[in-house]
1. Counting only protein heavy atoms and a 1.4 Å probe, tell me what percentage of the chain's accessible area is made up of carbon and sulfur.
2. Within the stretch 175-196, what residues put their amide N at less than 15 Å from the label point 7 Å along the Cα-to-Cβ vector of Phe150?
3. Using only Cα atoms, figure out Rg for the stretch 90-194 and give it as a multiple of 2.2 N^0.38 Å.
4. For the chain, treating each Cα as an identical point scatterer without solvent, what Debye log10 I(q)/I(0) comes out at q = 0.11, 0.17 1/Å?
5. Quick one: putting +1 on the C-beta of Lys and Arg, -1 on the C-beta of Asp and Glu, what dipole do you get for the chain around its Cα centre, in Debye to the nearest 20?
6. With a 10 Å cut-off between alpha carbons and a GNM built on the chain, which of Glu227, Glu120, Glu110 moves the most?
7. For the stretch 144-204, restrict the atom set to alpha-carbon positions and state the Rg and Dmax in Å.
8. With every protein chain present, what is the per residue accessible area of the stretch 130-246 (1.4 Å probe, Å²)?
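The values are calculated or read from the model by the stated rules, or taken from the named source; none is laboratory data. Quick caveat, the model's predicted, so the values are computed rather than measured. Methodologically, a virtual Cβ is constructed for each residue, glycine included, from the backbone with ideal geometry; neighbour enumeration extends over all protein chains shown. Accessible surface is based on the protein model in full, side chains and every heavy atom, while ligands, DNA and RNA are left aside. Shrake-Rupley method; radii C 1.70, N 1.55, O 1.52, S 1.80 Å.
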Amino acid sequence: MKDIFFALFLILTSQNLLAKNPISSPTFDNIINKLLKSEKYIFDDKNITVKVPKFADNPVQVPIYIDAKKIKSAKRMILFADLNPIPLIVDMKLTGLLPMISLNIKVAQETPLRALIQDEKNIWHIGSANIKSFGGGCSVSSVSSSDTNFDKYLGKVKGELFKKGDITRIKASIFHPMETGLVFGNSEFYINKIAIFAEDKKLSDIATYSAISENPRFIFETYNEVEKYKIKFYDIDANEFILDIR
């Protein structure tokens, strides 16, 4: 029995090693091994759209867009930037959300961006795009934290709903500094969890990281159509901020 398991492990490992990485980087293998262990993955730019600017001239606000709806019954989505000091961006359970997200991130330098989508057979599909930038976005203090009205605005939320055929698009934003803690004298302070509900039904639990830009804006999509959605934001100081969208 041990020999069978060992043989299966070697097969999965060899399949992953033979996969062609479209954008090589010195940190990819280490990050992917920590995240996926021995789980199988394939590079799949055919079914995953990863959009980034031609050049990110503002490294603290880099818009990214991921659409993997061609992968049916997706279960989970992870985003990371290979060469960021804080590579992880989001880790989403796609219980009731579609594998699509739009948001802004920070980049420390030119870096590959990866979108990992887990399908119903537990195979990970990886989409890639290269973000060109002069960098420095991860080691800059947030502008919002120096605002004299910071305490007044912290946690202020806004949201809108849009229909796109049979899909409901959820737009949400929150005032938050999303400090990385990489600037001397500044402690890390960021939103680390988001929970999304369609009335009483949970659509997703999302782990978020400080590589997301300050005052983050998100776009999600779902097939669920209800009158009321709720989004709960939590930060590492145990603050909870609630957004109701109708």
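1. Carbon plus sulfur share of accessible area: 53 percent.
2. 175-191
3. Values: Rg = 16.9 Å, N = 105, 2.2 N^0.38 = 12.9 Å.
Ratio of Rg to 2.2 N^0.38 Å for the stretch 90-194: 1.31.
4. -0.60, -1.31
5. Numbers: 33 positive and 29 negative charges, 144 e Å.
Dipole about the Cα centre, nearest 20: 680 debye.
6. Glu227
7. In Å, with Rg to one decimal and Dmax whole: 15.6, 49.
8. Values: 6070 Å² over 117 residues.
So the stretch 130-246 comes to 52 Å² accessible per residue, rounded to a whole number.
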